[in-house]
Amino acid sequence: MSAPRRILYVQHTADLYGASRALLHLVEALDRERYAPLVALPADGPLVGELRALGVEPLIAPYLQTLWGQVVRSWRVVPFGLGLLPSALATRRLIRRQQADLVHSNVWTILSGALGARLAGAPHVWHVREILPHSGGLKPALVALSLRTADRLICVSESVAAQFAGRRGAERVRVVYDGLPLEVGRGMRGLGSGARGLGLVSGDEAGQQAPSPKPQATGVWQAPSPEPQVPGDNELRIGVVGRLHPQKGQADLLRAFALLDPGLRSASRVLLAGGASPGHERQAEELAALARDLGIAERVSLLGFVADTRDLIASLDLLVLPATRAEGLGGVLLEAMAARVPVLSTRAGGTAEVVDDEETGLLVPPQQPAALARALARLLGDPQLRRRLGAAGRRAVEQRFGADSMARQVERIYAELLG
(Lines give C-alpha, C1' and ligand atoms only; values in the text may rest on other atoms or scores of the structure.)
Protein backbone atom coordinates (compact mmCIF):
# COMPACT_ATOMS: atom_id res chain seq x y z
CA MET A 1 0.00 0.00 0.00
CA SER A 2 1.34 3.45 -0.92
CA ALA A 3 2.30 5.95 1.78
CA PRO A 4 -0.37 8.44 2.88
CA ARG A 5 -0.36 11.76 1.04
CA ARG A 6 0.86 14.60 3.25
CA ILE A 7 -1.65 17.45 3.77
CA LEU A 8 -0.31 20.68 5.27
CA TYR A 9 -3.06 22.63 7.04
CA VAL A 10 -2.23 26.30 7.52
CA GLN A 11 -4.13 27.74 10.49
CA HIS A 12 -4.26 31.42 11.45
CA THR A 13 -4.33 31.04 15.24
CA ALA A 14 -3.79 28.46 17.99
CA ASP A 15 -6.99 29.28 19.89
CA LEU A 16 -9.99 26.97 20.33
CA TYR A 17 -12.69 29.01 18.62
CA GLY A 18 -14.75 28.05 15.57
CA ALA A 19 -12.18 27.52 12.81
CA SER A 20 -9.77 25.76 15.16
CA ARG A 21 -12.47 23.41 16.43
CA ALA A 22 -13.58 22.67 12.85
CA LEU A 23 -9.97 21.83 11.97
CA LEU A 24 -9.74 19.43 14.91
CA HIS A 25 -12.94 17.67 13.84
CA LEU A 26 -11.61 17.31 10.28
CA VAL A 27 -8.21 16.02 11.38
CA GLU A 28 -9.83 13.53 13.77
CA ALA A 29 -12.13 12.13 11.06
CA LEU A 30 -9.49 12.07 8.30
CA ASP A 31 -8.62 8.67 6.83
CA ARG A 32 -5.03 8.36 8.10
CA GLU A 33 -4.30 5.46 5.77
CA ARG A 34 -4.75 7.81 2.84
CA TYR A 35 -3.83 11.22 4.27
CA ALA A 36 -1.26 12.30 6.86
CA PRO A 37 -2.15 15.69 8.42
CA LEU A 38 0.47 18.35 9.21
CA VAL A 39 -0.60 21.61 10.85
CA ALA A 40 1.27 24.92 10.73
CA LEU A 41 0.41 27.49 13.41
CA PRO A 42 1.76 31.03 13.93
CA ALA A 43 2.24 30.53 17.69
CA ASP A 44 1.73 28.18 20.62
CA GLY A 45 -1.70 27.97 22.23
CA PRO A 46 -4.51 25.65 23.38
CA LEU A 47 -4.85 24.12 19.92
CA VAL A 48 -1.36 22.63 20.22
CA GLY A 49 -2.33 20.20 22.99
CA GLU A 50 -5.49 19.17 21.16
CA LEU A 51 -3.55 18.38 17.99
CA ARG A 52 -0.99 16.35 19.93
CA ALA A 53 -3.82 14.37 21.47
CA LEU A 54 -4.83 13.44 17.91
CA GLY A 55 -1.28 12.34 17.07
CA VAL A 56 -0.33 15.50 15.14
CA GLU A 57 2.76 17.47 16.17
CA PRO A 58 2.14 21.13 15.22
CA LEU A 59 4.68 23.12 13.23
CA ILE A 60 5.14 26.58 14.78
CA ALA A 61 5.63 29.08 11.96
CA PRO A 62 5.62 32.65 13.32
CA TYR A 63 5.98 34.12 9.83
CA LEU A 64 2.42 33.16 8.83
CA GLN A 65 0.37 36.27 8.03
CA THR A 66 -3.34 36.80 8.63
CA LEU A 67 -5.39 39.71 7.36
CA TRP A 68 -7.03 40.70 10.67
CA GLY A 69 -9.57 43.50 10.73
CA GLN A 70 -7.37 45.78 12.82
CA VAL A 71 -4.62 45.40 10.21
CA VAL A 72 -6.90 46.45 7.36
CA ARG A 73 -8.20 49.48 9.24
CA SER A 74 -4.85 50.92 10.30
CA TRP A 75 -1.31 51.78 9.27
CA ARG A 76 -0.40 48.14 9.98
CA VAL A 77 -1.56 47.26 6.49
CA VAL A 78 1.70 48.73 5.12
CA PRO A 79 4.15 46.46 7.01
CA PHE A 80 1.69 43.61 6.43
CA GLY A 81 1.95 44.10 2.68
CA LEU A 82 5.74 44.39 2.81
CA GLY A 83 5.93 41.15 4.78
CA LEU A 84 3.85 39.06 2.37
CA LEU A 85 6.70 37.99 0.08
CA PRO A 86 9.08 36.97 2.92
CA SER A 87 6.19 35.08 4.53
CA ALA A 88 5.36 33.30 1.27
CA LEU A 89 9.01 32.34 0.73
CA ALA A 90 9.27 30.97 4.27
CA THR A 91 6.04 29.02 3.77
CA ARG A 92 7.40 27.60 0.52
CA ARG A 93 10.45 26.34 2.41
CA LEU A 94 8.16 24.75 5.01
CA ILE A 95 6.09 23.03 2.29
CA ARG A 96 9.17 21.59 0.64
CA ARG A 97 10.88 20.63 3.90
CA GLN A 98 7.77 18.76 5.04
CA GLN A 99 7.28 17.25 1.57
CA ALA A 100 3.64 18.31 1.62
CA ASP A 101 1.61 16.97 -1.30
CA LEU A 102 -1.18 19.52 -0.82
CA VAL A 103 -1.68 22.75 1.17
CA HIS A 104 -5.03 23.45 2.85
CA SER A 105 -5.55 26.98 4.20
CA ASN A 106 -8.14 26.68 6.98
CA VAL A 107 -9.51 30.24 6.86
CA TRP A 108 -9.92 32.77 4.09
CA THR A 109 -7.92 35.58 5.68
CA ILE A 110 -4.61 33.71 6.06
CA LEU A 111 -2.62 34.43 2.92
CA SER A 112 0.70 32.69 3.54
CA GLY A 113 -0.53 29.21 2.63
CA ALA A 114 -1.94 30.28 -0.72
CA LEU A 115 1.15 32.24 -1.76
CA GLY A 116 3.58 29.65 -0.41
CA ALA A 117 1.79 26.82 -2.22
CA ARG A 118 1.87 28.81 -5.45
CA LEU A 119 5.62 29.31 -5.15
CA ALA A 120 6.18 25.65 -4.23
CA GLY A 121 4.03 24.36 -7.09
CA ALA A 122 1.78 22.45 -4.67
CA PRO A 123 -2.01 22.09 -5.06
CA HIS A 124 -3.86 24.49 -2.77
CA VAL A 125 -7.28 24.22 -1.14
CA TRP A 126 -8.72 27.34 0.48
CA HIS A 127 -11.35 26.78 3.20
CA VAL A 128 -13.60 29.85 3.21
CA ARG A 129 -15.53 30.24 6.48
CA GLU A 130 -16.22 33.97 6.41
CA ILE A 131 -18.64 36.39 4.82
CA LEU A 132 -16.56 39.53 4.65
CA PRO A 133 -17.95 43.08 4.55
CA HIS A 134 -17.15 45.27 1.59
CA SER A 135 -14.09 47.17 2.85
CA GLY A 136 -13.35 49.35 -0.14
CA GLY A 137 -11.56 47.26 -2.76
CA LEU A 138 -10.21 44.72 -0.29
CA LYS A 139 -12.92 42.08 -0.65
CA PRO A 140 -12.93 42.04 -4.49
CA ALA A 141 -9.13 41.79 -4.38
CA LEU A 142 -9.28 38.86 -1.95
CA VAL A 143 -11.93 37.13 -4.07
CA ALA A 144 -9.75 37.52 -7.15
CA LEU A 145 -6.64 36.30 -5.31
CA SER A 146 -8.52 33.26 -4.00
CA LEU A 147 -9.80 32.26 -7.40
CA ARG A 148 -6.31 32.64 -8.90
CA THR A 149 -4.36 30.76 -6.21
CA ALA A 150 -6.75 27.98 -5.12
CA ASP A 151 -7.30 24.75 -7.01
CA ARG A 152 -10.45 24.31 -4.94
CA LEU A 153 -12.36 26.59 -2.59
CA ILE A 154 -14.34 24.83 0.14
CA CYS A 155 -17.15 27.08 1.39
CA VAL A 156 -18.90 26.19 4.65
CA SER A 157 -22.32 27.31 3.40
CA GLU A 158 -24.18 28.42 0.30
CA SER A 159 -24.15 31.93 1.75
CA VAL A 160 -20.35 31.88 1.81
CA ALA A 161 -20.16 30.42 -1.70
CA ALA A 162 -22.37 33.25 -3.02
CA GLN A 163 -19.42 35.63 -2.64
CA PHE A 164 -17.77 33.90 -5.62
CA ALA A 165 -20.84 33.49 -7.82
CA GLY A 166 -20.43 34.68 -11.40
CA ARG A 167 -16.67 35.12 -11.13
CA ARG A 168 -14.17 33.44 -13.39
CA GLY A 169 -12.97 30.31 -11.59
CA ALA A 170 -16.17 29.90 -9.54
CA GLU A 171 -16.50 26.36 -10.89
CA ARG A 172 -13.77 25.38 -8.42
CA VAL A 173 -16.01 26.25 -5.46
CA ARG A 174 -17.44 23.37 -3.40
CA VAL A 175 -19.89 23.69 -0.48
CA VAL A 176 -19.07 21.41 2.46
CA TYR A 177 -20.82 22.02 5.75
CA ASP A 178 -18.70 21.73 8.88
CA GLY A 179 -19.44 18.61 10.89
CA LEU A 180 -19.24 17.37 14.46
CA PRO A 181 -17.87 14.04 15.72
CA LEU A 182 -21.07 12.36 16.86
CA GLU A 183 -21.90 9.14 18.59
CA VAL A 184 -25.36 8.59 17.22
CA GLY A 185 -27.96 8.45 19.96
CA ARG A 186 -25.52 9.93 22.48
CA GLY A 187 -23.63 13.18 22.65
CA MET A 188 -20.77 14.74 20.75
CA ARG A 189 -17.32 13.23 21.08
CA GLY A 190 -15.10 15.73 22.78
CA LEU A 191 -11.90 17.40 21.75
CA GLY A 192 -8.68 15.46 22.20
CA SER A 193 -7.52 14.36 25.63
CA GLY A 194 -5.84 17.74 25.95
CA ALA A 195 -9.22 19.21 26.88
CA ARG A 196 -9.51 18.80 30.64
CA GLY A 197 -13.08 19.63 31.49
CA LEU A 198 -14.41 23.15 31.84
CA GLY A 199 -11.52 25.55 32.30
CA LEU A 200 -12.10 29.27 32.76
CA VAL A 201 -9.40 31.83 32.21
CA SER A 202 -9.26 35.57 31.80
CA GLY A 203 -8.65 37.18 28.43
CA ASP A 204 -5.03 37.87 29.42
CA GLU A 205 -4.45 34.20 30.13
CA ALA A 206 -6.03 32.74 27.00
CA GLY A 207 -4.29 29.50 26.22
CA GLN A 208 -3.70 28.51 29.85
CA GLN A 209 -6.17 26.54 31.91
CA ALA A 210 -7.56 27.33 35.33
CA PRO A 211 -9.79 24.36 36.18
CA SER A 212 -13.15 25.11 37.69
CA PRO A 213 -16.09 22.73 38.09
CA LYS A 214 -18.71 25.33 37.19
CA PRO A 215 -18.80 28.72 35.46
CA GLN A 216 -19.02 31.62 37.85
CA ALA A 217 -22.40 33.32 37.93
CA THR A 218 -22.30 36.10 40.49
CA GLY A 219 -22.80 39.17 38.33
CA VAL A 220 -20.56 40.78 35.73
CA TRP A 221 -16.92 39.86 36.18
CA GLN A 222 -13.74 39.82 34.14
CA ALA A 223 -11.68 36.93 35.57
CA PRO A 224 -12.41 33.72 37.49
CA SER A 225 -12.64 33.56 41.23
CA PRO A 226 -10.74 30.82 43.10
CA GLU A 227 -14.10 29.67 44.51
CA PRO A 228 -16.76 30.30 41.89
CA GLN A 229 -20.36 30.37 43.03
CA VAL A 230 -22.99 28.33 41.23
CA PRO A 231 -26.37 29.72 40.17
CA GLY A 232 -29.50 28.20 41.64
CA ASP A 233 -30.89 25.03 40.11
CA ASN A 234 -34.05 26.84 39.04
CA GLU A 235 -32.22 29.57 37.15
CA LEU A 236 -32.72 29.52 33.37
CA ARG A 237 -29.31 29.81 31.71
CA ILE A 238 -28.97 31.76 28.45
CA GLY A 239 -25.56 31.41 26.84
CA VAL A 240 -23.53 33.08 24.10
CA VAL A 241 -20.34 31.17 23.28
CA GLY A 242 -17.73 32.80 21.05
CA ARG A 243 -15.26 35.62 20.79
CA LEU A 244 -16.28 38.94 22.31
CA HIS A 245 -16.74 41.04 19.20
CA PRO A 246 -19.39 43.58 18.11
CA GLN A 247 -20.26 41.29 15.18
CA LYS A 248 -21.23 38.49 17.57
CA GLY A 249 -24.00 40.64 19.04
CA GLN A 250 -23.46 40.15 22.76
CA ALA A 251 -24.53 43.76 23.31
CA ASP A 252 -27.81 43.18 21.46
CA LEU A 253 -28.55 40.19 23.69
CA LEU A 254 -28.02 42.33 26.80
CA ARG A 255 -30.38 44.97 25.42
CA ALA A 256 -32.96 42.29 24.63
CA PHE A 257 -32.61 40.72 28.07
CA ALA A 258 -33.23 44.13 29.66
CA LEU A 259 -36.55 44.31 27.78
CA LEU A 260 -37.88 41.10 29.36
CA ASP A 261 -40.51 41.10 32.07
CA PRO A 262 -38.76 41.67 35.44
CA GLY A 263 -40.08 38.36 36.75
CA LEU A 264 -38.61 36.46 33.82
CA ARG A 265 -35.31 38.32 34.15
CA SER A 266 -35.04 37.48 37.83
CA ALA A 267 -35.43 33.77 37.02
CA SER A 268 -32.76 33.83 34.29
CA ARG A 269 -29.06 34.45 33.82
CA VAL A 270 -26.99 35.45 30.78
CA LEU A 271 -23.60 33.74 30.42
CA LEU A 272 -21.14 35.27 27.95
CA ALA A 273 -18.26 32.86 27.30
CA GLY A 274 -15.26 33.91 25.23
CA GLY A 275 -12.16 36.04 25.16
CA ALA A 276 -11.80 39.33 23.32
CA SER A 277 -11.11 39.36 19.59
CA PRO A 278 -7.88 40.99 18.37
CA GLY A 279 -8.52 44.70 18.08
CA HIS A 280 -11.41 44.56 20.57
CA GLU A 281 -9.51 43.97 23.79
CA ARG A 282 -11.84 46.26 25.81
CA GLN A 283 -15.00 44.47 24.73
CA ALA A 284 -15.49 42.69 28.07
CA GLU A 285 -15.26 45.98 29.96
CA GLU A 286 -17.70 47.61 27.54
CA LEU A 287 -20.21 44.78 27.90
CA ALA A 288 -19.90 44.92 31.70
CA ALA A 289 -20.55 48.67 31.61
CA LEU A 290 -23.56 48.16 29.33
CA ALA A 291 -25.01 45.57 31.72
CA ARG A 292 -24.66 48.04 34.61
CA ASP A 293 -26.28 50.84 32.58
CA LEU A 294 -29.20 48.55 31.70
CA GLY A 295 -29.65 47.55 35.36
CA ILE A 296 -29.05 43.84 34.71
CA ALA A 297 -25.48 43.43 35.97
CA GLU A 298 -26.46 40.99 38.70
CA ARG A 299 -28.04 38.71 36.06
CA VAL A 300 -25.02 38.67 33.69
CA SER A 301 -21.77 36.70 33.94
CA LEU A 302 -18.74 37.18 31.72
CA LEU A 303 -16.89 33.89 31.87
CA GLY A 304 -13.80 34.76 29.84
CA PHE A 305 -12.14 32.13 27.68
CA VAL A 306 -13.54 28.62 28.16
CA ALA A 307 -11.11 25.94 27.01
CA ASP A 308 -13.68 23.18 26.52
CA THR A 309 -17.21 24.46 26.04
CA ARG A 310 -19.01 21.10 25.99
CA ASP A 311 -20.00 21.08 29.66
CA LEU A 312 -20.99 24.73 29.53
CA ILE A 313 -23.18 24.33 26.45
CA ALA A 314 -24.81 21.19 27.87
CA SER A 315 -25.69 23.13 31.05
CA LEU A 316 -27.62 25.82 29.15
CA ASP A 317 -31.37 26.09 28.79
CA LEU A 318 -30.91 28.15 25.64
CA LEU A 319 -28.01 29.09 23.37
CA VAL A 320 -28.19 32.37 21.49
CA LEU A 321 -26.17 33.55 18.49
CA PRO A 322 -27.25 37.21 18.15
CA ALA A 323 -24.86 38.00 15.25
CA THR A 324 -25.19 41.53 13.92
CA ARG A 325 -23.96 40.63 10.42
CA ALA A 326 -23.71 37.55 8.26
CA GLU A 327 -22.03 34.49 9.78
CA GLY A 328 -20.32 31.92 7.59
CA LEU A 329 -22.17 29.05 9.25
CA GLY A 330 -22.48 29.38 13.02
CA GLY A 331 -20.67 26.31 14.30
CA VAL A 332 -21.66 26.97 17.90
CA LEU A 333 -25.28 26.42 16.85
CA LEU A 334 -24.32 22.92 15.72
CA GLU A 335 -22.60 22.21 19.04
CA ALA A 336 -25.67 23.28 20.99
CA MET A 337 -28.04 21.34 18.73
CA ALA A 338 -25.85 18.24 19.12
CA ALA A 339 -26.27 18.60 22.89
CA ARG A 340 -30.07 18.95 22.49
CA VAL A 341 -29.93 22.56 23.67
CA PRO A 342 -32.49 24.77 21.89
CA VAL A 343 -31.03 27.60 19.82
CA LEU A 344 -32.06 31.13 19.00
CA SER A 345 -30.15 32.97 16.30
CA THR A 346 -30.35 35.98 14.09
CA ARG A 347 -31.03 35.21 10.45
CA ALA A 348 -27.56 36.15 9.27
CA GLY A 349 -25.88 34.35 6.39
CA GLY A 350 -25.22 30.67 6.99
CA THR A 351 -27.20 30.49 10.24
CA ALA A 352 -30.39 30.12 8.20
CA GLU A 353 -28.85 27.01 6.58
CA VAL A 354 -28.24 25.47 10.01
CA VAL A 355 -31.47 26.43 11.77
CA ASP A 356 -34.87 25.65 10.27
CA ASP A 357 -37.03 28.36 11.83
CA GLU A 358 -39.72 26.99 14.16
CA GLU A 359 -38.48 23.43 13.53
CA THR A 360 -34.92 23.15 14.89
CA GLY A 361 -34.65 26.60 16.48
CA LEU A 362 -35.87 30.16 16.20
CA LEU A 363 -34.55 32.86 13.86
CA VAL A 364 -35.01 36.62 14.23
CA PRO A 365 -33.76 39.61 12.21
CA PRO A 366 -30.29 40.90 13.15
CA GLN A 367 -29.77 44.12 15.12
CA GLN A 368 -33.34 44.15 16.44
CA PRO A 369 -33.20 43.69 20.24
CA ALA A 370 -36.99 43.96 20.55
CA ALA A 371 -37.53 41.00 18.20
CA LEU A 372 -34.80 39.09 20.04
CA ALA A 373 -36.53 39.86 23.36
CA ARG A 374 -39.86 38.50 22.11
CA ALA A 375 -38.22 35.23 21.00
CA LEU A 376 -36.34 35.01 24.32
CA ALA A 377 -39.55 35.46 26.29
CA ARG A 378 -41.30 32.82 24.23
CA LEU A 379 -38.57 30.22 24.73
CA LEU A 380 -37.92 30.94 28.39
CA GLY A 381 -41.63 30.70 29.15
CA ASP A 382 -42.26 27.45 27.28
CA PRO A 383 -40.23 24.42 28.45
CA GLN A 384 -42.12 22.12 26.07
CA LEU A 385 -41.04 24.27 23.10
CA ARG A 386 -37.44 24.15 24.30
CA ARG A 387 -37.55 20.36 24.55
CA ARG A 388 -39.11 20.00 21.09
CA LEU A 389 -36.56 22.29 19.43
CA GLY A 390 -33.68 20.63 21.27
CA ALA A 391 -34.69 17.14 20.11
CA ALA A 392 -35.24 18.29 16.53
CA GLY A 393 -31.90 20.07 16.52
CA ARG A 394 -30.10 16.92 17.56
CA ARG A 395 -31.75 14.94 14.74
CA ALA A 396 -30.75 17.61 12.22
CA VAL A 397 -27.10 17.44 13.26
CA GLU A 398 -27.08 13.64 13.04
CA GLN A 399 -28.60 13.76 9.56
CA ARG A 400 -26.67 16.67 8.01
CA PHE A 401 -23.66 17.76 10.03
CA GLY A 402 -21.53 14.76 10.97
CA ALA A 403 -17.74 15.00 10.93
CA ASP A 404 -17.35 11.73 9.04
CA SER A 405 -19.53 13.00 6.20
CA MET A 406 -17.57 16.27 6.13
CA ALA A 407 -14.23 14.44 6.03
CA ARG A 408 -15.31 12.14 3.19
CA GLN A 409 -16.37 15.15 1.09
CA VAL A 410 -13.06 16.90 1.75
CA GLU A 411 -11.14 13.72 0.92
CA ARG A 412 -12.93 13.53 -2.43
CA ILE A 413 -11.64 17.02 -3.16
CA TYR A 414 -8.11 15.94 -2.24
CA ALA A 415 -8.48 12.93 -4.54
CA GLU A 416 -9.58 15.19 -7.42
CA LEU A 417 -6.33 17.13 -7.06
CA LEU A 418 -3.90 14.34 -6.14
CA GLY A 419 -5.28 11.38 -8.06
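In region 175-191, which residue that is open to solvent by 30 Å² or more (accessible area, probe 1.4 Å) and at pLDDT 95 or above is farthest from LEU47 (Cα to Cα)?
Filtering first and then ranking leaves VAL175.
Could you list, in sequence order, all residues of region 263-284 that are hydrophobic (A, V, I, L, M, F, W, C), open to solvent by less than 10 Å² (accessible area, probe 1.4 Å) and touching a helix residue (DSSP H, G or I) at 6+ places or on another chain (Cβ under 7 Å)? Don't jump to the end; show me each part of the working.
Pass one, region 263-284, residues hydrophobic (A, V, I, L, M, F, W, C): 264, 267, 270-273, 276, 284.
Filter once more, keeping what is open to solvent by less than 10 Å² (accessible area, probe 1.4 Å): 270-273.
Once the filter is applied, which keeps residues that are hydrophobic (A, V, I, L, M, F, W, C), open to solvent by less than 10 Å² (accessible area, probe 1.4 Å) and touching a helix residue (DSSP H, G or I) at 6+ places or on another chain (Cβ under 7 Å), region 263-284 yields VAL270, LEU272, ALA273.
Keeping to region 32-47, report how many residues are without any contact (Cβ under 8 Å) to a residue 60 or more places away in the chain and either touching a Leu at 6+ places or on another chain (Cβ under 7 Å) or among the β-branched types (Val, Ile, Thr) (or both).
Residues flagged as without any contact (Cβ under 8 Å) to a residue 60 or more places away in the chain and either touching a Leu at 6+ places or on another chain (Cβ under 7 Å) or among the β-branched types (Val, Ile, Thr) (or both) within region 32-47 amount to 5.
Please work out which one of (1) out of contact with any Gly (no Cβ under 6 Å at 6 or more places or on another chain); (2) at pLDDT 95 or above; (3) farther than 26 Å from GLU285 by Cβ is the condition ASP311 fails and give its number.
(2)
Are there any helices (runs of 4 or more DSSP H) wholly within region 350-419 with 1 or more residues that are without any contact (Cβ under 8 Å) to a residue 60 or more places away in the chain and out of contact with any Gly (no Cβ under 6 Å at 6 or more places or on another chain), and if so which?
Helices (runs of 4 or more DSSP H) meeting the threshold: 369-380, 383-400, 403-418.
Would you please name the residue that is most open to solvent (accessible area, probe 1.4 Å), looking only at residues in region 219-262 that are at pLDDT below 50 and of a type in the set (A, V, I, L, M, F, W, C)?
For region 219-262, the residue satisfying everything is VAL230.
Against the definition (outside any strand (DSSP E or B) and more than 29 Å from ARG21 (Cα to Cα)), how does GLU285 come out, yes or no?
no
How many residues are surrounded by fewer than 21 Cβ atoms within 10 Å (Cβ to Cβ), of a type in the set (D, E, K, R) and farther than 25 Å from LEU115 by Cα if we restrict to region 39-56?
Qualifying residue count, region 39-56: 1.
Quick check, is LEU59 modelled with pLDDT of 95 or more and either open to solvent by less than 20 Å² (accessible area, probe 1.4 Å) or under 23 Å from SER405 (Cβ atoms) (or both)?
Numbers: modelled with pLDDT of 95 or more: yes; either open to solvent by less than 20 Å² (accessible area, probe 1.4 Å) or under 23 Å from SER405 (Cβ atoms) (or both): no.
In short, no.
Every residue, every condition in (1) assigned to a loop (DSSP other than H, G, I, E, B); (2) at pLDDT 95 or above, yes or no:
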| residue | (1), (2) |
| --- | --- |
| GLN99 | yes, yes |
| HIS104 | no, yes |
| TRP126 | no, yes |
| LEU142 | no, no |
| LEU145 | no, no |
| ARG148 | no, no |
| SER193 | yes, no |
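Restricting to region 91-110, and then to whatever is open to solvent by less than 10 Å² (accessible area, probe 1.4 Å) and aliphatic (A, V, I, L, M), can you tell me which residue is nearest to ALA3 (Cα to Cα)?
In this case the residue turns out to be LEU102.
Could you please find all residues in region 148-174 being free of Cβ contacts under 8 Å to residues at least 24 places away in the same chain and surrounded by fewer than 17 Cβ atoms within 10 Å (Cβ to Cβ)?
Result: ARG148, ALA162, ALA165, GLY166, ARG168, GLY169, ALA170, GLU171.
I'd like the residue in region 1-38 that is of a type in the set (Ser, Thr, Tyr) and in contact with a strand residue (DSSP E or B) (Cβ under 7 Å, 6 or more places away or on another chain) and, out of all such residues, is surrounded by the most Cβ atoms within 10 Å (Cβ to Cβ).
Checking each candidate, the answer is TYR9.
Here is a list: ALA336, ALA352. Which entry is among the small types (Gly, Ala, Ser) and farther than 22 Å from PRO133 by Cβ?
ALA336
Looking only at residues that are free of Cβ contacts under 8 Å to residues at least 40 places away in the same chain and open to solvent by 10 Å² or more (accessible area, probe 1.4 Å) in region 285-331, which one is nearest to the chain's Cα centre (by Cα)?
Among them, the one singled out is GLU286.
The values are calculated or read from the model by the stated rules, or taken from the named source; none is laboratory data. What you see is a predicted model; the values in this text were computed from it and never measured. FYI the Cβ positions are ideal-geometry reconstructions off the backbone, even for glycines, and counts take in every protein chain you see. These area figures cover heavy atoms from the full protein model, side chains too; ligands, DNA and RNA do not enter into them. Shrake-Rupley method; radii C 1.70, N 1.55, O 1.52, S 1.80 Å.
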